[in-house]
Each structure stands twice: as C-alpha cells, then as structure tokens.
C-alpha cells in the first residue's frame, strides 16, 4: 500500500457484485476517491456527479452498455482516461472500443498486475499531456455546462449568468440528475440554509430557467430541484 493515497478520482462500472466489491477494495487501497456503479445508466449519473479522472468500464452492462456509455461521454469529454474490461476478444468490438480513445482494454479474468499497469498508463497519460480539464455536461438544444470555468454555453456562445445562477447551475450539474435539496442550494450560494433565503433562491431559479431549455430544471415538490435528462 502506498504511504499516501493517489489524488485521482476513479469510477468503476461493473455489474457483477463480487467483482465490483473486489476491485473497489483494491482501488481504495491506492486512490483517494473511488466510486462504483452497477450498470451503465448508474455509471453515467455517477460520471456527471463525480467527474472522474479515470473510468474502468465493463463492456457488458445492463441498461446502458459499456461502449454506449463511453460513447456518450466522449461526445463532450476527451480527457477522462478509460480502461475497458471485456470477456471477449472480438476484433470488431475492439475496433469500436479503440475509436473511443481507450487507455487500454483488459480481457477477463483480470490479473491485478495487469490492472495496475493499465492504471499507471492512465496516470502517465494524464501527467504527460498535462490535460487542462474542460469537461462539459451536455444538456440539450445546444446547451452545455463547462465545469472548469463555470460557464453555460449555447451553441458555443456564453450565456450570461449572475453569480447566484452560476452557483445554482454548478450545484445541479455536480449532482447529475439527482435531486438537490433547497437547503443544499442555499448552502452553496450563501453558506447558510436559513429560510430567509428561500424567496431569493426561488426568484434566482425562475430567472435562470428563462435562460435554459424548457423543463431542464425540474421542481421536486417538497424536496428540491434536479436537472431533467429524460
């Protein structure tokens, strides 16, 4: 075990519970941040929320296949390193996977030494190219959120937001499609969840909605707000 955990964010998407827990335990002994998902749809939500540096993806996943998951991510993110796990050596599949900018693909069962080498290669790529993260969250109707500089773009043009609106968008985007409570939003903006801020928050969200596609921000009655990716 290293003296200090490596400061990279790892997302493991694997549907077999035993393998997922085994790999997660191994990764947690090396990396500071390890996230897991049991299917492709859950993996996409976790990716949007946690913005990993490296993803380890099983190619055969329920709900959203590994190739489809990575293809969706590659529409807006070419910086996150990806390691694909597969039980097959089908050449056409490997060609498709290679086009998605894989760091490496590993054929199951995966030896820990092979996984270690693949992870080191991913880290080397991150350090060698000194990639400045411009990770974006694709919304719809030509809108996207750029995490690095907290900008909302519409067809590559910046949409002007107030400081409060930027914090609301950043908080919602950080949670993917999950509900963010009113208290969490107030805490993000004012570092305080006092009820005196509720009306100002509602007003900020109402004005923000006018700058976004219809129904992108959904109200969850009695709970909070979330981004709608349906």
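The values are calculated or read from the model by the stated rules, or taken from the named source; none is laboratory data. Being a predicted model, the structure only gives us computed values, none of them experimental. Virtual Cβ from ideal backbone geometry, glycine too; neighbours counted across all protein chains shown.
For the range 80-96, the criterion of being within 25 Å of residue 49 (Cα to Cα), surrounded by fewer than 17 Cβ atoms within 10 Å (Cβ to Cβ) and modelled with pLDDT of 80 or more is satisfied by no residue at all. Within the range 216-225, track down each residue that is loosely packed, with under 13 Cβ neighbours inside 10 Å and in contact with a helix residue (DSSP H, G or I) (Cβ under 9 Å, 6 or more places away or on another chain). Within the range 216-225, 223 is the sole residue that qualifies. Could you tell me whether the range 186-193 includes any residue that is more than 19 Å from residue 53 (Cβ to Cβ), surrounded by fewer than 16 Cβ atoms within 10 Å (Cβ to Cβ) and in contact with a strand residue (DSSP E or B) (Cβ under 6 Å, 6 or more places away or on another chain)? No, every residue in the range 186-193 fails to be more than 19 Å from residue 53 (Cβ to Cβ), surrounded by fewer than 16 Cβ atoms within 10 Å (Cβ to Cβ) and in contact with a strand residue (DSSP E or B) (Cβ under 6 Å, 6 or more places away or on another chain).
The sole residue among 15, 39, 58 that is more than 19 Å from residue 135 (Cβ to Cβ) and in contact with a helix residue (DSSP H, G or I) (Cβ under 7 Å, 6 or more places away or on another chain) is 58. The set of residues from the range 60-77 being touching a strand residue (DSSP E or B) at 6+ places or on another chain (Cβ under 7 Å) and either closer than 21 Å to residue 156 by Cα or without any contact (Cβ under 8 Å) to a residue 40 or more places away in the chain (or both) comprises 70, 75, 76, 77. Can you say whether residue 62 is outside any helix (DSSP H, G or I), at pLDDT 90 or above and over 21 Å from residue 126 (Cα atoms), as far as the supplied structure shows? Spelling it out, residue 62 is indeed outside any helix (DSSP H, G or I), at pLDDT 90 or above and over 21 Å from residue 126 (Cα atoms). Name the residue that is nearest to residue 8 (Cα to Cα), counting only residues in the range 29-43 that are within 12 Å of the chain's Cα centre (by Cα) and surrounded by fewer than 22 Cβ atoms within 10 Å (Cβ to Cβ). This residue is 35.
Screening the range 148-159 for residues that are out of contact with any strand residue (DSSP E or B) (no Cβ under 7 Å at 6 or more places or on another chain) and in contact (Cβ under 8 Å) with a residue 12 or more places away in the chain and picking the one that is surrounded by the fewest Cβ atoms within 10 Å (Cβ to Cβ) gives 155. Taken over the range 37-59, the criterion of being assigned to a loop (DSSP other than H, G, I, E, B) and within 19 Å of residue 103 (Cβ to Cβ) is satisfied by 51, 52, 53, 59. If you check 174, 199, 228 for being modelled with pLDDT of 85 or more and surrounded by 12 or more Cβ atoms within 10 Å (Cβ to Cβ), only one passes: 228.
Of the set (1) in contact (Cβ under 8 Å) with a residue 40 or more places away in the chain; (2) in a loop (DSSP other than H, G, I, E, B), all apply to residue 8 but (2). Right, residue 114: without any contact (Cβ under 8 Å) to a residue 12 or more places away in the chain, assigned to a helix (DSSP H, G or I) and touching a strand residue (DSSP E or B) at 6+ places or on another chain (Cβ under 8 Å) or not? When the stated conditions are applied, residue 114 passes them.
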